[in-house]
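Since the structure comes first, as structure tokens, the remarks are kept for the end.
The values are calculated or read from the model by the stated rules, or taken from the named source; none is laboratory data. The model shown is predicted, which means the values in this text are computed figures rather than measured ones. When we count neighbours, we look across all protein chains shown, and the Cβ atoms used for this are built from the backbone with ideal geometry, even at glycine. Remember, those area values only see protein heavy atoms, side chains included, never the ligands or the DNA or RNA. Shrake-Rupley method; radii C 1.70, N 1.55, O 1.52, S 1.80 Å.
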Amino acid sequence: VKDDQDLCPPEIKMLEEFYHSFKGPEWINSSYWLDESKSYCLWYGVVCDKKYNVSITKLELGNNGLSGELGTRIMEIMSELTQLEGLDLNGNDINGTIPTEIATLSNLVELDLSHQKQGLMGQIPDGVSKLVHLSLLCLAGKKLDQSIPSVIGKLEHLKVLNLSSNVLSQSIPTEL
């Protein structure tokens with residue numbers, strides 16, 4: 001059954017891998033996750049389009065006990081969610097660096113990876129500038145370092161930029 005796309009859409013496979021990658025059994029709320037009798041649109045934190053209730057438009061899993069690495073593989077999996085407009089994973093225990101593949105989430109309007117327990121580290125990848133629809137970018141935390149990429153200034157729709165509580169170096173680029 002899991003190989004039949006009509007009975008098991010690719011979104012389910014993606015969400016299953018996401019669940020296991022971020023230690024789903026340990027989440028604070030994992031209501032309906034992996035319950036084959038429920039539409040994935042009813043799974044806690046999964047928001048689907050209002051018109052057809054099929055395409056995943058948001059993952060709202062902030063402050064929910066997710067833990068694991070935000071790596072290349074997760075971004076490859078999530079890039080299959082072509083209608084994803086919102087990704088809220090704030091206040092969890094996600095670690096690692098922000099992968100350059102974040103740029104594949106091309107329809108994102110809101111991205112909140114702030115306040116991870118251990119903090120995301122490294123630099124803000126230039127690929128963030130390819131998220132041309134972004135209006136909210138929250139990367140507040142503890143360990144992002146280096147400078148703020150000037151390419152963030154190319155995000156025409158950006159209204160909220162929160163990089164507080166990091167150890168960013170240099171001054172704010174004039175492009176911002």
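Going by amide H atoms built from the backbone, whose H comes under 5 Å of the H on ASN166, apart from near neighbours?
GLY141
Just check segment 59-176 against the gyration tensor rule for me: Cα atoms, a ≥ b ≥ c as the square roots of the eigenvalues, rounded for a/c under 1.5, and otherwise prolate or oblate depending on whether a/b exceeds b/c. Mind showing how you got there, number by number?
Working: a/c = 1.59, a/b = 1.11, b/c = 1.43.
The shape class here is oblate.
Have a look at HIS20, LEU61, SER39 and report the one farthest towards the positive end of the charge dipole of segment 1-87, computed about the Cα centre with Cβ charges (Lys/Arg +1, Asp/Glu -1).
Positive-end residue among those listed: LEU61.
If you look for lysine pairs in the chain that are eight or more places apart or on different chains, how many of them have Cα atoms under 22 Å apart?
Qualifying lysine pairs in the chain: 20.
If each DSSP helix of 4+ residues adds -39,500 (n - 2.57) and the sum is divided by the residues in the chain, what number results at 222 nm, nearest 500 deg cm²/dmol? Let's see the in-between values first.
Details: 2 runs with 19 residues, N = 176.
Only helices count here, giving -3000 deg cm²/dmol.
Can you give me the % of accessible surface on the chain that is carbon or sulfur? Probe 1.4 Å, all protein chains present, nothing else counted. Could the numbers behind the result be given before it?
On the way: 4380 of 9210 Å².
Accessible surface attributable to carbon and sulfur in the chain totals 48 percent.
According to the square roots a ≥ b ≥ c of the eigenvalues of the Cα gyration tensor, what is the shape class of segment 89-133, taking rounded for a/c under 1.5, prolate for a/b larger than b/c otherwise, and oblate for the remainder?
Judged from the Cα gyration tensor, segment 89-133 comes out oblate (a/c at least 1.5, b/c at or above a/b).
State whether segment 1-89 is rounded, prolate or oblate according to the following rule on the C-alpha gyration tensor (a ≥ b ≥ c being the square roots of its eigenvalues): a/c under 1.5 gives rounded; otherwise a/b larger than b/c gives prolate, and the remaining case gives oblate.
rounded
Could you derive backbone 3J(HN,Hα) for segment 47-58 from the dihedral phi with the Karplus parameters 6.51, -1.76 and 1.60 (θ = phi - 60°), listing whole Hz in sequence and x where the residue is Gly or Pro?
10, 10, 4, 6, 6, 10, 6, 10, 7, 6, 9, 8
Can you pull out the chymotrypsin sites (Phe, Trp or Tyr not before Pro) in segment 35-72 that DSSP calls coil and that have at most 16 other Cβ atoms within 10 Å?
TYR44, TYR52
Dipole of segment 128-176 (Lys/Arg Cβ +1, Asp/Glu Cβ -1, origin at the Cα centre): which of LEU134, ILE172, SER150 lies farthest to the positive side?
Projecting each Cα onto the dipole axis, the largest value belongs to LEU134.
Relative to the longest principal axis of the chain, what angle (0 to 90°, nearest 10) does the C-alpha long axis of helix 10-21 take?
60
May I ask you to give the solvent-accessible area per residue for the chain, in square angstrom, as obtained with a 1.4 angstrom probe? Mind showing how you got there, number by number?
Numbers: 9210 Å² over 176 residues.
Heavy-atom SASA per residue in the chain reads 52 Å².
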